[in-house]
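Right, one structure below, let's go through it.
The values are calculated or read from the model by the stated rules, or taken from the named source; none is laboratory data. Quick caveat, the model's predicted, so the values are computed rather than measured. Here the Cβ positions follow ideal geometry from the backbone for every residue, glycine too, while neighbour counts run over all protein chains shown.
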Amino acid sequence: MKFAHATLSHPGGRKVNEDAANSLQLSQGQGCWVVADGLGGHGGGDVASNLAVNTIMDACQNTPEFSGEHLGRLLALAHQAILQGQQDHDRLSAMRSTVVLLMLQDVQAWWAHVGDSRLYHFANGLIVGQTKDHSVPQMMVDAGNLSPEAIRHHEDRNRLTRSLGNSGKLRSTILDKAVALQAGDAFLLCTDGFWEFVTEADMQATLAKSSTPTDWLNQMALILKHHAPASHDNYTATAIFCLEAQP
């Protein structure tokens, strides 16, 4: 399997972009992608998200491994890096970050996340897999008191129940087993500033009209800009297409 990818990241209506993203192609059939959304303000959010992304990328490069256990170790390293940064700098004591991480190896996918940055898996043009936010509105959805669509504009949407840098033991969600891939599958990793204004129906409709990951992101970005207010949050998204390897 070959993978094509693209990323966009924009401060939106804010002065500082506290999102971060990066990727690592380990070989033609192996790769790692990560997106993070920093929390804390006053310079802390952007530091936290970049710490998370850079820590994970460095560890992936030094120890390429594909398993749920390895994803757990990567998230733990990012968590510890942020906790250490909190201790080293008083002004960063409140910094936190969400993170969503995808690893692809030939015809298998692994992913994990903490917070409300999301991953969507598409097959045959439709969403077949999606992460569940670690947030108060998601808890309301799980309890049957809120529809999934209502999360987007709920008054408590920004109240997270988990994030990198929280005190205590890290709580993450990691796939129990690898997901099988086929040529034509696609992935979208994005922060809440992106999915707030781009619905799942929008994602599927634009994917059907896109020949490259860049095309797809650009079409979704137009939708976001049409709906978002001038003061909207930073937004970041990474798109990955799974392609048939050439003989």
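How many residues are part of a loop (DSSP other than H, G, I, E, B) and in contact with a Phe, Trp or Tyr (Cβ under 7 Å, 6 or more places away or on another chain) when one looks only at the stretch 1-47?
Of the residues in the stretch 1-47, 1 are part of a loop (DSSP other than H, G, I, E, B) and in contact with a Phe, Trp or Tyr (Cβ under 7 Å, 6 or more places away or on another chain).
Name the single residue, out of those in the stretch 167-198 being within 29 Å of Gly13 (Cα to Cα) and assigned to a strand (DSSP E or B), that is farthest from the chain's Cα centre (by Cα).
So the residue we want is Ala186.
Tally the residues that are among the aliphatic types (A, V, I, L, M), farther than 19 Å from Ala4 by Cα and crowded, with 16+ Cβ neighbours inside 10 Å, restricting the search to the stretch 14-53.
8
Out of the residues in the stretch 149-198 meeting the condition of being among the basic types (Lys, Arg) and surrounded by 16 or more Cβ atoms within 10 Å (Cβ to Cβ), tell me which one is nearest to Trp216 (Cα to Cα).
So the residue we want is Arg157.
I'd like the full set of residues that are part of a strand (DSSP E or B) and hydrophobic (A, V, I, L, M, F, W, C), limited to the stretch 75-106.
Those that are part of a strand (DSSP E or B) and hydrophobic (A, V, I, L, M, F, W, C): Val99, Val100, Leu101, Leu102, Met103, Leu104.
If I ask for residues that are β-branched (Val, Ile, Thr), over 18 Å from the mean Cα position of the chain (by Cα), surrounded by fewer than 18 Cβ atoms within 10 Å (Cβ to Cβ) and in a helix (DSSP H, G or I), which ones from the stretch 199-247 would you list?
Ile223, the sole residue that qualifies.
Listed here are the residues, each with its yes/no results for (1) part of a strand (DSSP E or B); (2) aromatic (Phe, Trp, Tyr).
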position	(1), (2)
Trp110	yes, yes
Tyr120	yes, yes
Val128	yes, no
Asp133	no, no
Val141	no, no
Leu146	no, no
Glu149	no, no
Asn158	no, no
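Out of (1) at pLDDT below 95; (2) farther than 23 Å from Ser135 by Cα, what's the single condition that is false for Thr7?
(1)
Is one or more of the residues making up the stretch 146-160 within 18 Å of the chain's Cα centre (by Cα) and within 24 Å of Thr7 (Cα to Cα)?
yes
State whether the residues of the stretch 52-63 include one that is in contact with a Ser or Thr (Cβ under 7 Å, 6 or more places away or on another chain) and at pLDDT 90 or above.
Within the stretch 52-63 (the criterion being in contact with a Ser or Thr (Cβ under 7 Å, 6 or more places away or on another chain) and at pLDDT 90 or above), the answer is yes, since at least one residue qualifies.
So, Leu92, is that one under 30 Å from Met139 (Cβ atoms), buried (at least 17 other Cβ atoms within 10 Å of the Cβ) and modelled with pLDDT under 95 or not?
yes
List pairs: first in the stretch 221-242 and at pLDDT 95 or above, second surrounded by fewer than 16 Cβ atoms within 10 Å (Cβ to Cβ) and in a strand (DSSP E or B), Cβ under 7 Å, 6+ apart or cross-chain?
Phe241/Ala4
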